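I have placed the structure first, in the form of structure tokens, so that the comments after it can refer back to it.
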Amino acid sequence: MDEHNLIKRCQQGDKEAFQLLISQYHPFVYKFLIRTTDNEQTAEDLTQETFLKVIRNIEKFDTMGQAKFSTYVITIAKNAYIDYLRKEKKFRYNIPFPENFNVEDSSVHVEDTIVDKLYGQGILTDLEDLPEEQRIVIKLKYIEGLTLKEIGDQLELEPKTVKSRIHNGIVRLRKLLDKGDER
């Protein structure tokens, strides 16, 4: 059955169609959330929450519009994750930079250094103090290794917006790191 008809059936309250739709999209949403949360239980909980919201709001999806259903579902999942972060306030990296790390060193590109430290020594700090939209794009870029376009597609943003959020997040992270050096 094609997706358009499946969604139409869901909008008419067909429970079998909902089961088909959920079974079709569950792996997609779960993989997105496991990459985003890095926690299986949280990803599963947020996946369930995502599909509850999909079921409750399926009538709002415009089957004749240009948005893909996959984009609609990922947007709901992303918003569920942001809500989770706001409620729980427990998304945290508590890994200090080494004392010899100098963000002012012109030969060191901060973004590359963060990636190197994250993968080489598991070092990244103060990320939890960034605004959520910056934290999410930085995590998707540097932890998940997604391109600006891939991040933009997932979050329904233009690549330029993603790049700007990453840049602003890195600038803010640099300031946070500078404050940490003063302690």
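The values are calculated or read from the model by the stated rules, or taken from the named source; none is laboratory data. What you see is a predicted model, and the numbers here were worked out from it, not measured in a lab. Cβ coordinates were reconstructed from backbone atoms using ideal geometry, including for glycine residues, and neighbour counts include every protein chain displayed.
Within region 30-65, being part of a helix (DSSP H, G or I) and of a type in the set (Gly, Ala, Ser) holds for one residue alone: ALA43. It is to be established whether one or more residues within region 66-74 are farther than 22 Å from LEU140 by Cα and basic (Lys, Arg). No: region 66-74 contains no residue that is farther than 22 Å from LEU140 by Cα and basic (Lys, Arg). Being in contact (Cβ under 8 Å) with a residue 40 or more places away in the chain, surrounded by 18 or more Cβ atoms within 10 Å (Cβ to Cβ) and out of contact with any Gly (no Cβ under 6 Å at 6 or more places or on another chain) holds for only one residue in THR71, THR75, THR63, THR37, and it is THR37. Scanning region 148-183 for residues that are modelled with pLDDT under 85 and loosely packed, with under 14 Cβ neighbours inside 10 Å turns up VAL171, LYS175, ASP178, LYS179, GLY180, ASP181, GLU182, ARG183. Of all the criteria given as (1) at pLDDT 80 or above; (2) under 13 Å from THR36 (Cα atoms), the one not satisfied by LYS139 is (1).
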